[in-house]
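What follows is one structure encoded as structure tokens, with my remarks underneath.
Just so it is clear, none of the values below were taken in a lab; they were calculated from the coordinates. Quick caveat, the model's predicted, so the values are computed rather than measured. Cβ placement follows ideal geometry from the backbone for every residue including glycine, while neighbour counts extend to all protein chains displayed.
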Amino acid sequence: MANEFWKYGLAAGVGIVVGALGVTLLSRGGMDLKKAAAAILSCGMDMKDKAAVMVDTAKENIDDIAAEARYEQEQRKAAARS
């Protein structure tokens, strides 16, 4: 549940940044709207990809830590039985 909160929060933050960038670019005038929109979308897609990689890396690290903790727990249980 908390993982989804961070995922959606990150997506919302990226959307706000991309939107602000778009407003800034379009308010300057003299730019072709189609080219500006394509550039903004391209940057947004890059940021989304980077965020997805960060989330996946964090998930893998957490899974590794949990696996190590389970192993240590089993080792303690085995030692207690002996």
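Here is how the numbers come out for the structure above:
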item	result
ARG81 paired with TRP6, simple spin-label distance in nm, labels 7 Å along Cα-to-beta-carbon	3.4 nm
FRET efficiency, 1/(1 + (r/R0)^6) with R0 30 Å, evaluated for ASP32 and ASN61 via beta carbons	0.10
Residue-averaged 222 nm ellipticity for the chain, from DSSP H runs of 4+ at -39500 (n - 2.57), nearest 500	-33500 deg cm²/dmol
Semi-axis lengths, Å, the range 2-81, gyration tensor of Cα atoms, sqrt of 5 times eigenvalues	47, 10, 6
Estimated dipole of the chain in Debye, rounded to 20 [Cβ of Lys and Arg +1, of Asp and Glu -1, Cα centre]	220 debye
